[in-house]
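Report on one structure; see the data block that follows.
Nothing in this text is a laboratory measurement; each read-out follows from the coordinates by a stated rule. Remember, it's a predicted structure, so these values are computed and weren't measured experimentally. No Cβ is skipped: glycine too gets one built from the backbone with ideal geometry, and neighbour counts run over all protein chains shown.
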Amino acid sequence: MSAHDPNCIFCKIIAGQIPSKKVYEDEDIYVFHDIHPWAPVHFLMVPRQHIPSLAQLTPEHERLMGRMMVLAPKLAAEQGCNPYPDGGFRLVCNTGAEGGQEVHHLHLHVMGGPRPWLRG
């Protein structure tokens, strides 16, 4: 796995070659609003390193994924999700073609807000 894939749309967003509505960034993670939201709050969390999918994670990624999991609730609250237990959010990570993954750069969808959007 390379640090960057020049043909990857998310790598291009991270590099600033394609505009995005940024939510958060640090040295390892870039977070931006989904351009086709399914919920009142819907943003994507992506590692800066090009990792094709959840299936390609190795033990070296444990710290990164742990940070993403800890960061998700904080950013969800900052973006307008109501607090747990009455509020909350959904975290989705599609993996591979059969799992519905469309962009092959690991990303987490964080979705929340008033409930009518929730499916299944």
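I need the calculated FRET efficiency for the pair Asp5 and Glu27, taking r as the beta carbon distance and R₀ as 22 Å, to the nearest 0.05. Write down the numbers at each step before the final one.
Numbers: r = 19 Å, r/R0 = 0.85.
Calculated value: 0.75.
What ranking do Asp28, Asp5 get, fewest neighbouring Cβ atoms within 10 angstrom at the top?
Details: Asp28 12, Asp5 16.
Going from least to most buried by this count: Asp28, Asp5.
Tell me what the chain gives for mean residue ellipticity at 222 nm when only DSSP H runs of n ≥ 4 count, each as -39,500 (n - 2.57), the sum divided by the residue total, rounded to 500 deg cm²/dmol. Don't skip to the end; give the middle numbers.
On the way: 2 runs with 23 residues, N = 120.
It lands at -6000 deg cm²/dmol.
For Lys74, Lys12, which order do you get if you count the other beta carbons within 10 Å of each Cβ and list the fewest first? Please list the in-between numbers first.
On the way: Lys74 10, Lys12 16.
Ordered by Cβ neighbours within 10 Å, fewest first: Lys74, Lys12.
Mind giving me the nanometre distance, one decimal, between the label points for Tyr84 and Ala55, set 7 Å out from Cα along Cα→Cβ?
Roughly 2.9 nm, to one decimal.
Remind me, relative contact order of segment 9-117 in percent, using alpha carbon pairs under 8 angstrom and six or more residues apart?
Working: 164 pairs, mean separation 34.4, N = 109.
Worked out over segment 9-117, it gives 32 percent.
Lys12 label point, 7 Å along Cα→Cβ, cut-off 20 Å on backbone N: hits in segment 41-82?
44-53
Would you order Arg63, Arg90 from fewest to most other beta-carbon atoms within 10 Å of each residue's own beta-carbon?
Fewest-to-most Cβ neighbours within 10 Å comes out as Arg63, Arg90.
Pull up the cross-link candidates among the lysines for Lys74, meaning alpha carbon to alpha carbon under 24 Å and not fewer than 8 places away within one chain.
Lys21, Lys22
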